[in-house]
1. If you rank 12, 22, 93 by fewest surrounding Cβ atoms within 10 Å, what's the result?
2. Check which residues have an amide H placed less than 5 Å from residue 36's amide H, if you skip close sequence neighbours.
3. Within 10 Å of each residue's Cβ, count the other Cβ atoms and sort 21, 68, 34 from fewest upward.
4. How do 115, 32, 50 line up, fewest other C-beta atoms within 10 Å first?
5. Run the numbers for residue 110 and residue 47: contour at 0.36 nm per residue of separation, minus the present Cα-Cα distance, in nm.
Amino acid sequence: MKNWKRYIGLAVFVIGLSYREVQILIDRGSWKKEDFWIPLWYIKWTSFWKGFDSFHAIHGLAILGLMEFLVQYLPSYYFTFLADWINYQLYVVAYWLIYMQIRNLFMHIIFKKRK
């Protein structure tokens, strides 16, 4: 993997989404805030600054990471034959599996406080 730098954006995307999902689970009461070390901050929804709470800020960072990955990766990939399309679909499945494992790592191990 000689171009590892292009995957930093993808890693930021996955980490950001796992952070958001932890916050959603805490906010709806499924998980306990005291079990996690990640900072969460809230701003009143009627405030002008409502887009700067932790949920929206992390989502913005995640999308920025995704854009960084897409800008560097997708333009260099061209489809010429059906075999290339099938190969691409296999990569999509592989990346999805990797994404889910990284997401679970951050949600269930890294973001959790030690007991």
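Values quoted throughout were computed directly from the atomic coordinates according to the rules given, and no laboratory measurement underlies them. Note that the structure is predicted; figures quoted are calculated from it, not measured. Heads up, the Cβs are rebuilt from the backbone with ideal geometry, glycines too, and the neighbour counts pull from every protein chain shown.
1. With the fewest neighbours first, 12, 22, 93 line up as 93, 12, 22.
2. Distant-sequence amide H within range of residue 36: 113.
3. Ranked by crowding around the Cβ, least crowded first: 34, 21, 68.
4. Values: 115 4, 32 10, 50 13.
Lowest to highest Cβ neighbour count: 115, 32, 50.
5. Length gained, residue 110 through residue 47: 19.5 nm.
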